[in-house]
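Here's the structure we're looking at; comments come further down.
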């Protein structure tokens, strides 16, 4: 019986396969390359740190934490409008929200699949407080 050839990730290992995939995607899409360059910059690291210090809790854009009565610390800084679409807003605190890893993963997956836009809730309320802070 024939056997299946090893997959790309089996040949390279998962981490190397992911890295190769990301590099290929950035080569094919200049907007992704520009977004990665922004995320690797020292300026972004400072803005990220400032955002997390001003808003240390998850903005909970989908209401998951509110529904269960949980309060989650934020570990990720998310661009409310994806960085690939609006790189000019990369360092604008009003265009950012603090999220926990789970909420950021859900929002990013929705954006990748085009399954919907961020819902009102954490985004607008946090954006307003960033403007007054």
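Going from the residue with the fewest nearby Cβ atoms within 10 Å to the one with the most, 46, 107 rank 46, 107.
Residues of segment 35-64 with an amide N closer than 12 Å to a point placed 7 Å from the Cα of residue 15 along the Cα-to-Cβ direction: none.
Net length available on complete extension from residue 101 to residue 36 is 21.5 nm, with 0.36 nm assigned per residue and the Cα-Cα distance removed.
Each value in this text was obtained by applying a stated rule to the coordinates, not by laboratory testing. Given the structure is predicted, the values throughout are model-derived calculations rather than measurements. So basically every Cβ, Gly included, is an ideal-geometry build from the backbone, and we count neighbours across all protein chains shown.
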